[in-house]
Amino acid sequence: MTPEPPADCPFCQILAGRAPANIITEWPDAIAIVPLRPCSSTHRLVIPRVHVKDVREDLDVTTATVRRAIELALGTGTDFQLIANTGPDAEQTVDHAHLHVIGREAGDGLNLWPQRNKQPTTEGSAAAWRRQQKAAR
């Protein structure tokens, strides 16, 4: 038996028709909406109909949601980013798995990674990341 989703989950409220949303696309297993605070005119959220806290909780739901997000993105005809903020340290603000789909174009002014043009620091380098991963094994 599937547990009841939290009553205060805003995405569950939208899915149940108890909260307003600008729904762009609906599938049997997910919906796509315009977020309340989009970072661009092409920013969408793809939300699974099943309540899972984040993309780690149920890989079947996550995989299906990623597929829907890519289907949505492919329909735009532009390059795009898929982002899954997972956990509070990664800036997940709603505890219901969802993917951000952001269509991109050259010169669109979005700078989601402002550190990209800086030289990597020793601790921020790919080599440091590989060392951390090796040490964790």
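Of the residues Glu71, Glu4, the one with the largest accessible area comes first in the ranking Glu4, Glu71, computed with a 1.4 Å probe on protein heavy atoms. Per-residue accessible area (protein heavy atoms, 1.4 Å probe) orders His51, His43 as His51, His43, starting from the largest.
Expressed in nm to one decimal, what extension gain is obtained for the pair Asn22 and Asp60 from 0.36 nm per residue of sequence separation less their Cα-Cα distance?
Extra length from Asn22 to Asp60 when fully extended: 11.1 nm.
Extension gain, Thr93-Asp108: 0.36 nm per intervening residue step, less the Cα-Cα distance, totals 2.9 nm. Per the Debye calculation on segment 8-103 with a single equal scatterer at every Cα and no solvent contribution, log₁₀ I(q)/I(0) for q = 0.12, 0.16, 0.20, 0.24 Å⁻¹ amounts to -0.32, -0.59, -0.96, -1.42.
The values are calculated or read from the model by the stated rules, or taken from the named source; none is laboratory data. A quick note: this is a predicted structure, and the numbers were derived from the prediction, not measured. Keep in mind that these areas ignore ligands, DNA and RNA; they rest on the heavy atoms of the full protein, side chains included. Shrake-Rupley method; radii C 1.70, N 1.55, O 1.52, S 1.80 Å.
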